[in-house]
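S.K.: Would you mind keeping the following structure in view while I ask a few things?
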Amino acid sequence: MSEIDAIKKRHSVRNYEDVKIEQSKVDKLNALIAECNKEGNLHIQFLEDAGKTFNKLLNKFMGLGSAPSVIACIGPDDDTLDERIGYYGERIVLTAQELGLNTCWAGTYNSSNVKAEISDGERLAIVIAIGYGQDGGKPHKSKSMEDVISVKGDRPYWFNSGVEMALLAPTAINQQKFEIRLNEDNSVEFVDKGGILSKIDLGIVKYHFEVGKKYAMENH
C-alpha cells in the first residue's frame, strides 16, 4: 500500500478489537518514530498499553476506551510544536494504516494517565489511539477544493494533487479550517484559520499536501 492509498483508505476509528499489536509491527513503528523524533526535534512515544488514557466517561461512550495502545505526541514546548506534531504524527498514522492498523487522533484524554516520559520543557500535545479497529471507519463530508484555496494565476497539476490529498486530512471535529495559497512564483503557503487543535491540523494538512504533490510529480 502506498501513502496515497493509505490516505484514501484511512479514516478515524474509535472502536477497537481486544488484540495486541504484533511485535514486528511495533518494531517498525518505533523505528519510524525514532526517525521522526530526530528529524522533527520531538519526543513521540509508542505506549503498548494504553492503560487508562481514555478512561473518561466521554471516551468510553465514544469507544476509545477499547484502544489497546496509544502514541503519545510530545516535544519541546514552543510555538511550532503543534504543527510539527501534526506533520510527523500523520506520517506515523499513515504508516500504521499501511501495516493494517487503525488510528484516531484524540484531543480528549486523561493526561495524568498517559504513562510517557515528559522531560522538563516538553509538552504532551495530543495522543493517537492505535490498534485493530472493529471496522475501518467512515469517510466524512469534505469541503470542495475551491473552498480551501487562494490562487494567483494558473494552477499547476501538482498543486491540484496536493490539495486533493489535503482535503482528505483528518481535522478536529472535521472543521477543515485552513487555506492553501498558491503564489505567482508557485510557492505555497498554508494558513491556519483558527479553531480547536487547528495548528496540529495544519501540520497534518501539510504532510498530506506534500504526499500528493510528490506523487503527481513522480507520475506526470
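The values are calculated or read from the model by the stated rules, or taken from the named source; none is laboratory data. Because the structure is predicted, anything quoted here is derived from the model rather than measured. In this analysis, Cβ positions are derived from the backbone assuming ideal geometry, glycine residues included, and neighbour counts consider all displayed protein chains.
S.K.: Among (1) in contact (Cβ under 8 Å) with a residue 24 or more places away in the chain; (2) within 17 Å of GLY107 (Cα to Cα), there is one condition LYS9 misses while meeting the rest; what is its number?
M.R.: Only one criterion is unmet by LYS9, namely (2).
S.K.: List the number of the failed condition for VAL13; all other conditions in (1) within 13 Å of ALA96 (Cβ to Cβ); (2) of a type in the set (Val, Ile, Thr); (3) more than 17 Å from the chain's Cα centre (by Cα) hold.
M.R.: With respect to (1) within 13 Å of ALA96 (Cβ to Cβ); (2) of a type in the set (Val, Ile, Thr); (3) more than 17 Å from the chain's Cα centre (by Cα), VAL13 is out only on (3).
S.K.: OK, next. Exactly one of (1) closer than 23 Å to ASP201 by Cβ; (2) outside any strand (DSSP E or B); (3) of a type outside the set (Val, Ile, Thr) is unmet by ASP135. Its number?
M.R.: Here ASP135 clears every test but (1).
S.K.: Among the listed residues LEU32, LEU47, which satisfies the condition of being in contact with a Ser or Thr (Cβ under 7 Å, 6 or more places away or on another chain) and within 30 Å of MET217 (Cβ to Cβ)? Steps first, answer last, please.
M.R.: Numbers: LEU47 fails: within 30 Å of MET217 (Cβ to Cβ).
Result: LEU32 is the single residue among LEU32, LEU47 that is in contact with a Ser or Thr (Cβ under 7 Å, 6 or more places away or on another chain) and within 30 Å of MET217 (Cβ to Cβ).
S.K.: Now for a separate question. Can you work out which of the residues in region 151-184 that are in contact with a strand residue (DSSP E or B) (Cβ under 7 Å, 6 or more places away or on another chain) and in contact (Cβ under 8 Å) with a residue 40 or more places away in the chain is surrounded by the most Cβ atoms within 10 Å (Cβ to Cβ)?
M.R.: Among residues in region 151-184 that are in contact with a strand residue (DSSP E or B) (Cβ under 7 Å, 6 or more places away or on another chain) and in contact (Cβ under 8 Å) with a residue 40 or more places away in the chain, the one surrounded by the most Cβ atoms within 10 Å (Cβ to Cβ) is ALA166.
S.K.: Just need a number here: residues in region 200-217 that are surrounded by fewer than 19 Cβ atoms within 10 Å (Cβ to Cβ) and either in contact (Cβ under 8 Å) with a residue 60 or more places away in the chain or under 23 Å from ILE126 (Cα atoms) (or both).
M.R.: If we filter region 200-217 for residues that are surrounded by fewer than 19 Cβ atoms within 10 Å (Cβ to Cβ), which is where we start, we get 210, 214, 217.
Filter once more, so that each one left must be either in contact (Cβ under 8 Å) with a residue 60 or more places away in the chain or under 23 Å from ILE126 (Cα atoms) (or both): 210.
So the count comes out to 1.
S.K.: Go through region 164-220 and give me each residue that's among the aromatic types (Phe, Trp, Tyr) and within 17 Å of the chain's Cα centre (by Cα). Can you show your working first?
M.R.: If we filter region 164-220 for residues that are among the aromatic types (Phe, Trp, Tyr), which is where we start, we get 178, 190, 207, 209, 215.
Scanning region 164-220 gives PHE178, PHE190, TYR207, PHE209.
S.K.: Okay, moving on. Restricting to region 80-117, give me the number of residues that are part of a loop (DSSP other than H, G, I, E, B) and among the charged types (D, E, K, R). Walk me through how you get there before you give the answer.
M.R.: Within region 80-117, the first condition is being part of a loop (DSSP other than H, G, I, E, B), and the residues that meet it are 80, 99-101, 107-110, 114-117.
Applying the additional criterion that residues be among the charged types (D, E, K, R) yields 115, 117.
Summing the residues that are part of a loop (DSSP other than H, G, I, E, B) and among the charged types (D, E, K, R) in region 80-117 gives 2.
S.K.: Something else now. Looking at the structure I just gave you, is SER111 assigned by TED's automatic domain parsing to the domain that holds GLN23, surrounded by fewer than 22 Cβ atoms within 10 Å (Cβ to Cβ), within 23 Å of GLY40 (Cα to Cα) and without any contact (Cβ under 8 Å) to a residue 24 or more places away in the chain? It would help to see each step written out before you state the result.
M.R.: Details: assigned by TED's automatic domain parsing to the domain that holds GLN23: yes; surrounded by fewer than 22 Cβ atoms within 10 Å (Cβ to Cβ): yes; within 23 Å of GLY40 (Cα to Cα): yes; without any contact (Cβ under 8 Å) to a residue 24 or more places away in the chain: yes.
For SER111, the condition - assigned by TED's automatic domain parsing to the domain that holds GLN23, surrounded by fewer than 22 Cβ atoms within 10 Å (Cβ to Cβ), within 23 Å of GLY40 (Cα to Cα) and without any contact (Cβ under 8 Å) to a residue 24 or more places away in the chain - is met.
S.K.: Report whether or not GLU83 is surrounded by 18 or more Cβ atoms within 10 Å (Cβ to Cβ) and assigned by TED's automatic domain parsing to the domain that holds TYR16. Walk me through how you get there before you give the answer.
M.R.: On the way: surrounded by 18 or more Cβ atoms within 10 Å (Cβ to Cβ): yes; assigned by TED's automatic domain parsing to the domain that holds TYR16: yes.
The answer is yes for GLU83.
S.K.: For the structure I just gave you, tell me whether ILE180 is in a helix (DSSP H, G or I), among the β-branched types (Val, Ile, Thr) and outside the structural domain of ASN113 (by TED's automatic domain parsing). Let's see the steps before the verdict.
M.R.: Working: in a helix (DSSP H, G or I): no; among the β-branched types (Val, Ile, Thr): yes; outside the structural domain of ASN113 (by TED's automatic domain parsing): yes.
When the stated conditions are applied, ILE180 does not pass them.
S.K.: Suppose the filter is under 20 Å from ASP77 (Cα atoms) and buried (at least 23 other Cβ atoms within 10 Å of the Cβ); does GLU122 pass it?
M.R.: Numbers: under 20 Å from ASP77 (Cα atoms): yes; buried (at least 23 other Cβ atoms within 10 Å of the Cβ): no.
Judged against the criteria, GLU122 is not a match.
S.K.: Right, another one. I'm trying to understand the selection: among the residues of region 2-48, which are among the aliphatic types (A, V, I, L, M) and either exposed (fewer than 13 other Cβ atoms within 10 Å of the Cβ) or touching a Cys at 6+ places or on another chain (Cβ under 6 Å) (or both)? First the steps, then the outcome.
M.R.: Kept after step one, since they are among the aliphatic types (A, V, I, L, M), are these residues of region 2-48: 4, 6-7, 13, 19, 21, 26, 29, 31-34, 42, 44, 47.
The answer is VAL13, VAL19, ALA31, ALA34, ILE44.
S.K.: Same structure again: When only residues in region 9-33 that are outside any helix (DSSP H, G or I) and charged (D, E, K, R) count, which is farthest from GLN134 (Cα to Cα)?
M.R.: First pass over region 9-33, keeping only residues outside any helix (DSSP H, G or I): 10-22.
Imposing the further condition that a residue be charged (D, E, K, R) reduces the set to 10, 14, 17-18, 20, 22.
On the way: ARG10: 14, ARG14: 9, GLU17: 6, ASP18: 9, LYS20: 13, GLU22: 17 Å.
The selected residue is GLU22.
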